[in-house]
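Notes for the one structure printed next.
The values are calculated or read from the model by the stated rules, or taken from the named source; none is laboratory data. Predicted, not measured: the structure shown is a model, and the values here were computed from it. Counting neighbours? That spans all protein chains shown, and the Cβs are built from the backbone with ideal geometry, glycine included. For accessibility, only protein heavy atoms count, side chains too; no ligands or nucleic acids. Shrake-Rupley method; radii C 1.70, N 1.55, O 1.52, S 1.80 Å.
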Amino acid sequence: MNRIHAAIVGIAASLFALPALAQAPIVIKFSHVTTADTPKGKGADTFKRLAEERSKGRVKVEVYPNSTLYKDKEELEALQLGAVQMLAPSLAKFGPLGVREFEVFDLPFIFDSIEEMHRITQGPLGQGLLKKLESRGILGLAYWDNGFKQTSANKAIRKPEDFKGQKLRIQSSKVLEAQFRSVNALPQVMAFSEVYQAMQTGVVDGSENTLSNMYTQKHHEVQKFITLSDHGYIGYAVITNKKFWDGLPADIRSILEGAMKDATKLANDIAKKENDDALEAIRKSGKSQVLTLTPAERAEWKKAMVKTHREMESKIGPELVQAFYKETGFDPAK
Ligand code: LMR
């Protein structure tokens with residue numbers, strides 16, 4: 001009798017618990033590798049705030065910045081397995097997924113301005129690239145800006161010859177590998193979270209990155225020189241697990257789409273200022289000497305690195321490369 005009683009009490013208790021269960025928020029784990037005070041960090045935090053406010057608590061976004069949950073390669077695997085729901089990897093990190101087309105963004109000197117970049121990311125070419133992720137179970141939600149890459153090292157790099165023999169950390173992109181091989185440097189793929197230590201211990205001599213990434217990871221404290229080279233671009237694709245996204249209630253999905261649209265605007269609006277502020281802070285720190293290239297010196301870099309375009313064209317897709325040239329006005333002969 002007692003056992004039956006206990007069972008009835010148990011069933012009643014779980015029935016009472018049901019409404020509470022039904023109201024449990026949808027949790028979105030958003031993992032990324034930069035600190036919270038970067039364009040990406042601020043974009044992710046804005047998305048969290050807007051998604052939670054507008055869904056009135058039906059969605060909870062947990063943001064894990066600075067590789068606290070996963071590093072570069074692991075986070076993509078975690079997304080595909082459903083262990084996290086959102087990421088914003090840099091566009092240079094999609095190659096290992098087998099979507100080599102994304103490496104078109106890494107071609108040196110292909111963009112002269114953010115406006116040229118936006119012509120791609122906000123147009124059909126950018127949307128077409130995001131679509132390619134779907135076969136990997138990934139849905140592309142937006143492009144976020146960071147900015148132009150600069151070059152850091154323990155020697156002053158002004159001329160293409162200065163790169164010779166320098167061990168330089170790169171993101172996992174074959175185009176970036178070819179770019180640094182074109183000037184006889186020794187590129188090494190490494191997770192973003194490991195770069196500071198690798199610089200400190202001499203495992204690498206230098207790297208390329210945006211100023212906001214260098215400053216927030218303290219690279220300037222372990223690099224003697226930063227050359228303002230603007231030779232390439234770092235931007236992001238905000239992505240989610242397609243199955244997760246498709247399975248959301250329609251009203252929640254549209255709230256999240258709205259939150260993403262507004263977070264995208266914020267991230268893109270602040271990106272340039274974040275990099276400008278980082279430059280000022282690096283200069284003020286006095287820890288790393290900032291070098292500016294003359295137009296003639298920069299033209300030499302371009303001449304040396306542009307052979308990467310022809311070399312990598314067949315891997316990226318020649319038509320895609322030509323379509324990018326058409327949109328950006330890039331002329332490999334100039
Ligand atoms: C890097 O790995 O160098 C960066 O692109 C990291 C990031 O996400 O900005």
What are the residue pairs meeting all of these: first residue in segment 200-212, first residue aliphatic (A, V, I, L, M), second residue open to solvent by less than 10 Å² (accessible area, probe 1.4 Å) and more than 13 Å from the ligand (Cβ to nearest atom), Cβ atoms under 7 Å, and 6 or more apart or on different chains?
-> Leu211/Ile282
Based on what the data block shows, is Ser172 under 15 Å from the mean Cα position of the chain (by Cα), part of a loop (DSSP other than H, G, I, E, B) and within 16 Å of the ligand (Cβ to nearest atom)?
-> yes
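Considering only segment 6-62, how many residues are assigned to a helix (DSSP H, G or I) and either open to solvent by 50 Å² or more (accessible area, probe 1.4 Å) or modelled with pLDDT of 95 or more (or both)? Working first, answer last.
Here is the first cut: in segment 6-62, the ones assigned to a helix (DSSP H, G or I) are 6-22, 39-54.
Checking which are either open to solvent by 50 Å² or more (accessible area, probe 1.4 Å) or modelled with pLDDT of 95 or more (or both) leaves us with 6-9, 11, 13-16, 18-22, 39-54.
Matching residues across segment 6-62 total 30.
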Do we find that Thr68 is open to solvent by 10 Å² or more (accessible area, probe 1.4 Å), β-branched (Val, Ile, Thr) and over 22 Å from Lys243 (Cα atoms) in this structure?
-> yes
Some residue of segment 46-67 being in contact with a Ser or Thr (Cβ under 8 Å, 6 or more places away or on another chain) and over 18 Å from Ala267 (Cβ atoms) = yes
State all residues of segment 144-158 that are surrounded by 21 or more Cβ atoms within 10 Å (Cβ to Cβ) and away from the ligand (no atom under 13 Å from the Cβ); if no residue qualifies, say none.
-> Ala153, Ile157
Matching residues, segment 147-165, being farther than 15 Å from Leu91 by Cβ and in contact with a strand residue (DSSP E or B) (Cβ under 6 Å, 6 or more places away or on another chain) = Gln150, Thr151, Ser152, Ala153, Ala156, Ile157
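Yes/no per residue for (1) touching an Asp or Glu at 6+ places or on another chain (Cβ under 7 Å); (2) modelled with pLDDT under 95; (3) of a type in the set (Val, Ile, Thr); (4) more than 28 Å from Lys174 (Cβ to Cβ):
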| site | (1), (2), (3), (4) |
| --- | --- |
| Ile234 | no, no, yes, no |
| Leu248 | no, no, no, yes |
| Lys302 | no, no, no, no |
| Arg310 | no, no, no, no |
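Among the candidates Lys40, Lys48, Lys56, which residue alone is within 16 Å of the ligand (Cβ to nearest atom) and among the basic types (Lys, Arg)?
Working: Lys48 fails: within 16 Å of the ligand (Cβ to nearest atom); Lys56 fails: within 16 Å of the ligand (Cβ to nearest atom).
Matching residue, one of Lys40, Lys48, Lys56: Lys40.
Can you work out which of the residues in segment 74-93 that are assigned to a helix (DSSP H, G or I) and within 11 Å of the ligand (Cβ to nearest atom) is farthest from Lys242 (Cα to Cα)? Write out each step before concluding.
Let us first name the residues in segment 74-93 that are assigned to a helix (DSSP H, G or I), namely 74-81, 91-93.
Next, only the ones that are within 11 Å of the ligand (Cβ to nearest atom) stay: 75, 91-93.
Numbers: Glu75: 15, Leu91: 18, Ala92: 21, Lys93: 18 Å.
Only one residue fits best here, namely Ala92.
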Would segment 212-222 turn up any residue that is modelled with pLDDT of 95 or more, surrounded by fewer than 24 Cβ atoms within 10 Å (Cβ to Cβ) and more than 16 Å from the ligand (Cβ to nearest atom)?
-> yes
The residue from Glu177, Glu194, Glu161 that alone is within 13 Å of the ligand (Cβ to nearest atom), among the charged types (D, E, K, R) and open to solvent by 30 Å² or more (accessible area, probe 1.4 Å) is Glu194
Checklist (1) touching a Ser or Thr at 6+ places or on another chain (Cβ under 7 Å); (2) touching a residue at least 40 places away in the same chain (Cβ under 8 Å) applied to Phe105, failing item = (1)
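Is it the case that Gln289 is within 16 Å of the ligand (Cβ to nearest atom) and over 20 Å from the mean Cα position of the chain (by Cα)? Lay out the reasoning, then the answer.
Details: within 16 Å of the ligand (Cβ to nearest atom): no; over 20 Å from the mean Cα position of the chain (by Cα): yes.
For Gln289, the condition - within 16 Å of the ligand (Cβ to nearest atom) and over 20 Å from the mean Cα position of the chain (by Cα) - is not met.
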Restricting the search to segment 253-268, which residues are out of contact with any Asp or Glu (no Cβ under 9 Å at 6 or more places or on another chain) and open to solvent by 30 Å² or more (accessible area, probe 1.4 Å)?
-> Ser254, Ile255, Glu257, Lys261, Asp262, Lys265, Leu266
